[in-house]
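Worksheet: the structure to be examined is printed underneath.
The values are calculated or read from the model by the stated rules, or taken from the named source; none is laboratory data. Given the structure is predicted, the values throughout are model-derived calculations rather than measurements. Positions of Cβ are backbone-derived with ideal geometry, glycine not excepted, and every protein chain shown enters the neighbour counts.
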Amino acid sequence: MTSAAAAAAAEQRFLQWLRDNGATFPKLQWPVTSPNGLRGTVAAAAVASGEPMLCIPRRLLISEDLCWRDPQLGRVFQDNRDVFTRDDPVLALFLVRELLLADRSFFHPYLAVLPYPESVQDWTQAELGELHDERLVDAAARRTSEIDVYYRRVMVRLQTKYPGEFPEALYTFDRFKFAWKTIQARTFGRRLPWTALVPFADCLNHTNVATKYDFDVNDNGLFRLYPSGATSFAQGAEVFNSYGRRSNFQLLLDYGFALPDNEWDYVDVEIGKDRAGPRGRKLRFMKRVVRIDRQSSLDELFPPSFLAGLADPVPDEEQSEAAAELSERTALCDALEWLRSILIETIADWGTAENDERILQHAASSDRLRAAVVFRTGRRQIVQKVITQIDDKLVSARRQLDGITELIDGVTDKLEALAVRSSD
């Protein structure tokens with residue numbers, strides 16, 4: 001049997017297992033290949049907002065509660081609570097045990113169709129460099145280190161207290177990593193009494209749509225997922241779930257992909273602690289990291305009075321009202337130019353929109369490179385939006401400056417003329 005035929009057989013076995021155990025999803029068709037080449041789900045018939053599109057019985061869920069009640073592992077968790085304080089190692093050890101049981105596991109039809117949980121943690125250094133975000137690179141490294149630390153902690157305890165029961169030759173780091181990353185990428189939990197893998201519900205791809213799920217309503221013992229708000233799915237359309245309000249930073253960290261025009265995306269702009277203010281003075285009371293998102297406006301981020309204050313105009317009680325306004329407007333322009341230079345520096349190494357578009361159009365570009373380009377393109381757009389607002393504000397402020405300068409010049413000319421007459 002070819003690998004494709006084996007995969008198809010495993011998928012059909014999974015669907016049959018779901019139906020045999022009471023799962024229902026009459027309007028959904030899975031698996032299908034989505035336009036971007038991913039395995040996805042489509043609507044075989046229209047799904048209305050509020051209509052449950054899948055119902056999964058509790059017995060099919062791999063929950064933290066199930067792990068603690070397991071005849072073999074329950075006692076291990078109970079006797080080693082200092083090691084199994086989090087749900088991740090509990091679920092990970094259970095998954096590794098079930099993977100080793102293979103077709104003797106009740107959950108084998110589900111586990112057999114799980115893909116490798118790709119994330120930015122798997123990228124090479126060169127691929128990570130395409131992100132142009134050291135914070136994301138550091139976060140990925142911490143995630144990898146965390147898995148290693150927990151694997152060592154769990155295995156040392158198991159080898160010490162249960163010699164021979166959990167051989168390291170079988171309970172390998174690779175299996176533990178697969179389990180851990182699967183948990184990170186596929187579990188539900190916000191509206192459940194515990195963290196759980198929900199077979200088939202986790203087969204829907206993510207986009208920013210409104211969806212909700214509930215569990216055990218009126219003691220029905222079901223996990224139900226449905227579109228909500230204005231979301232519905234027409235016949236033949238891909239059916240999505242929303243993984244929550246996740247930025248592309250979080251999507252790459254957990255799932256290895258980024259969404260174009262992600263409404264929850266943001267950029268953290270760092271202002272070096274040694275950076276001088278607009279007029280060379282040391283900054284006071286200035287946040288060193290400024291978060292900009294797609295909804296941010298310049299006036300919300302930096303009110304004009306705050307920007308002018310950054311330039312620290314020196315008050316002069318003897319100044320005329322026009323001269324004082326001239327000083328304030330000049331300070332505002334200086335601050336805007338200063339802020340603009342920071343934002344330009346921030347995006348300077350992120351490539352150009354033209355080059356990134358060529359990469360996305362190039363058929364040979366890898367999925368990881370495409371994800372990196374989508375990530376940095378979104379970030380660049382967010383910063384460029386604020387730069388455009390700064391440019392508009394500068395044009396307006398300079399126009400006002402010109403008007404004030406003309407007014408002062410006119411007054412000065414009149415005063416000089418009066419002085420000449422007086423001398424005559």
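Within segment 154-172, track down each residue that is surrounded by 14 or more Cβ atoms within 10 Å (Cβ to Cβ) and closer than 22 Å to Arg143 by Cα.
Once the filter is applied, which keeps residues that are surrounded by 14 or more Cβ atoms within 10 Å (Cβ to Cβ) and closer than 22 Å to Arg143 by Cα, segment 154-172 yields Val154, Met155, Arg157, Tyr171, Thr172.
Could you say whether any residue in segment 28-45 is aliphatic (A, V, I, L, M), outside any strand (DSSP E or B) and either over 27 Å from the mean Cα position of the chain (by Cα) or at pLDDT 95 or above (or both)? Give the steps one after another, and end with the answer.
Here is the first cut: in segment 28-45, the ones aliphatic (A, V, I, L, M) are 28, 32, 38, 42-45.
Checking which are outside any strand (DSSP E or B) leaves us with 38, 44-45.
Subset that is either over 27 Å from the mean Cα position of the chain (by Cα) or at pLDDT 95 or above (or both): 44-45.
Within segment 28-45 (the criterion being aliphatic (A, V, I, L, M), outside any strand (DSSP E or B) and either over 27 Å from the mean Cα position of the chain (by Cα) or at pLDDT 95 or above (or both)), the answer is yes, since at least one residue qualifies.
Among the helices (runs of 4 or more DSSP H) contained in segment 294-366, which hold 1 or more residues that are hydrophobic (A, V, I, L, M, F, W, C) and modelled with pLDDT of 90 or more? Explain how you work it out, then say what you get.
Values: elements: 298-301, 304-310, 321-347, 353-361.
Filter on segment 294-366 gives 298-301, 321-347, 353-361.
For (1) surrounded by 16 or more Cβ atoms within 10 Å (Cβ to Cβ); (2) among the β-branched types (Val, Ile, Thr); (3) in contact with a Gly (Cβ under 6 Å, 6 or more places away or on another chain), each residue gets a yes or a no:
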position	(1), (2), (3)
Thr2	no, yes, no
Arg19	no, no, no
Asn36	no, no, no
Glu51	no, no, no
Asp70	yes, no, no
Thr85	no, yes, no
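Answer yes if at least one residue in segment 174-181 is within 18 Å of the chain's Cα centre (by Cα) and surrounded by fewer than 16 Cβ atoms within 10 Å (Cβ to Cβ), and no otherwise. Outline the logic, then answer.
Step one: of segment 174-181, the residues within 18 Å of the chain's Cα centre (by Cα) are 181.
Next, only the ones that are surrounded by fewer than 16 Cβ atoms within 10 Å (Cβ to Cβ) stay: none.
Looking through segment 174-181, none of the residues is within 18 Å of the chain's Cα centre (by Cα) and surrounded by fewer than 16 Cβ atoms within 10 Å (Cβ to Cβ).
Take the residues in segment 144-153 that are in contact (Cβ under 8 Å) with a residue 12 or more places away in the chain and surrounded by fewer than 17 Cβ atoms within 10 Å (Cβ to Cβ); name whichever of them is nearest to Ala372 (Cα to Cα). Break it down stepwise before answering.
Start the filter on segment 144-153 by keeping residues that are in contact (Cβ under 8 Å) with a residue 12 or more places away in the chain, which leaves 144, 147-148, 150-151, 153.
Of the ones still in play, those that are also surrounded by fewer than 17 Cβ atoms within 10 Å (Cβ to Cβ) are 144, 148, 153.
Numbers: Thr144: 19, Asp148: 26, Arg153: 33 Å.
Among residues in segment 144-153 that are in contact (Cβ under 8 Å) with a residue 12 or more places away in the chain and surrounded by fewer than 17 Cβ atoms within 10 Å (Cβ to Cβ), the one nearest to Ala372 (Cα to Cα) is Thr144.
Which residue pairs have Cβ atoms closer than 8 Å, lie 6 or more positions apart in sequence or on different chains, and pair a first residue in segment 258-280 that is outside the structural domain of Glu134 (by TED's automatic domain parsing) with a second residue that is assigned to a loop (DSSP other than H, G, I, E, B) and among the β-branched types (Val, Ile, Thr)?
Note: pairs meeting the criteria are Leu259/Thr207.
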